[in-house]
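Accompanying notes for the structure given below.
The values are calculated or read from the model by the stated rules, or taken from the named source; none is laboratory data. Keep in mind that what you see is a predicted model, and the values were worked out from it rather than measured. We place every Cβ from the backbone using ideal geometry, glycine too, and count neighbours over all the protein chains shown.
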Amino acid sequence: MEKVPMTARGYNRLQDELKHLKSVERPAVIKAIAEAREHGDLSENAEYHAARERQSFIEGRVMELEDKISRAEVIEPTKLSGNAVKFGATITLADEDTDEEVTYQIVGQDESDIKQGLISITSPLARALIGKSVGDSVEVTTPGGSKSYEVVGIAFK
């Protein structure tokens, strides 16, 4: 069984979502199905079909979350150190064409949010950065074309 790397923040977010689905969403959809059944003929009851579809989505998401949580490998970036980029590292990159600097943290797949500077461990940029040190250059193919970056900082926070 393959482990799923994530930070403690990401793990807690998955736990919270699972708890919400089980304690709020699941009972609400069961109630909605019961109310829709009271309206009679189920074959032409749009409310019933919508509630069943919602229930199917919720149950699928619950199974997905339980699987990810059971396979989670929680990594605390503050306890890491070193000179090379690895999961949890916060990396400062300089675009080699424009000298514009950007900072990203490498996180688990479910935690990524580019607007907050969180990139997934499975993203092309993160995969290219793993193992690199300050001063190394990486070339990444992006939807906008090929980009070259220089690693100017690595921190574990």
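Residues that are among the charged types (D, E, K, R), outside the structural domain of residue 113 (by TED's automatic domain parsing), modelled with pLDDT of 90 or more and part of a helix (DSSP H, G or I): does the range 32-50 have at least one? Checked the range 32-50: no residue is among the charged types (D, E, K, R), outside the structural domain of residue 113 (by TED's automatic domain parsing), modelled with pLDDT of 90 or more and part of a helix (DSSP H, G or I).
Filter the range 1-25 down to the residues that are assigned to a helix (DSSP H, G or I) and loosely packed, with under 12 Cβ neighbours inside 10 Å and list them by number.
Once the filter is applied, which keeps residues that are assigned to a helix (DSSP H, G or I) and loosely packed, with under 12 Cβ neighbours inside 10 Å, the range 1-25 yields 16, 19, 20, 23, 24.
Is at least one residue of the range 119-137 assigned to a strand (DSSP E or B), in contact with a strand residue (DSSP E or B) (Cβ under 9 Å, 6 or more places away or on another chain), farther than 15 Å from residue 90 by Cα and among the hydroxyl-bearing types (Ser, Thr, Tyr)? Checked the range 119-137: at least one residue is assigned to a strand (DSSP E or B), in contact with a strand residue (DSSP E or B) (Cβ under 9 Å, 6 or more places away or on another chain), farther than 15 Å from residue 90 by Cα and among the hydroxyl-bearing types (Ser, Thr, Tyr).
Once the range 80-101 is narrowed to residues that are modelled with pLDDT of 85 or more and of a type in the set (A, V, I, L, M, F, W, C), the residue that is farthest from residue 129 (Cα to Cα) is 94. In this structure, does residue 80 turn out to be in contact (Cβ under 8 Å) with a residue 24 or more places away in the chain and in contact with a strand residue (DSSP E or B) (Cβ under 6 Å, 6 or more places away or on another chain)? No.
Would you tally the residues in the range 51-78 being closer than 30 Å to residue 91 by Cβ and at pLDDT 90 or above? Reasoning before the result, please.
Just the residues of the range 51-78 that are closer than 30 Å to residue 91 by Cβ, to begin with: 64-65, 67-78.
Subsequent filtering for residues that are at pLDDT 90 or above retains 64-65, 67-75.
So the count comes out to 11.
Remark: pairs (first residue in the range 93-117, closer than 23 Å to residue 4 by Cα; second residue surrounded by 14 or more Cβ atoms within 10 Å (Cβ to Cβ) and modelled with pLDDT under 90; Cβ separation under 7 Å; 6+ apart in sequence or on different chains) = 108/4. Checked against (1) crowded, with 18+ Cβ neighbours inside 10 Å; (2) over 16 Å from residue 5 (Cα atoms); (3) among the hydrophobic types (A, V, I, L, M, F, W, C), residue 89 passes all but condition (2).
Farther than 30 Å from residue 18 by Cα and either hydrophobic (A, V, I, L, M, F, W, C) or under 19 Å from the mean Cα position of the chain (by Cα) (or both) - does that describe any residue in the range 58-75? Can you show your working first?
Going residue by residue through the range 58-75, those that are farther than 30 Å from residue 18 by Cα are none.
No, the range 58-75 contains no residue that is farther than 30 Å from residue 18 by Cα and either hydrophobic (A, V, I, L, M, F, W, C) or under 19 Å from the mean Cα position of the chain (by Cα) (or both).
Looking at 107, 4, 74 in this structure, which one is touching a Leu at 6+ places or on another chain (Cβ under 6 Å) and under 30 Å from residue 135 (Cα atoms)? Walk me through it before giving the result.
Numbers: 4 fails: touching a Leu at 6+ places or on another chain (Cβ under 6 Å); 74 fails: touching a Leu at 6+ places or on another chain (Cβ under 6 Å).
Answer to the check: 107.
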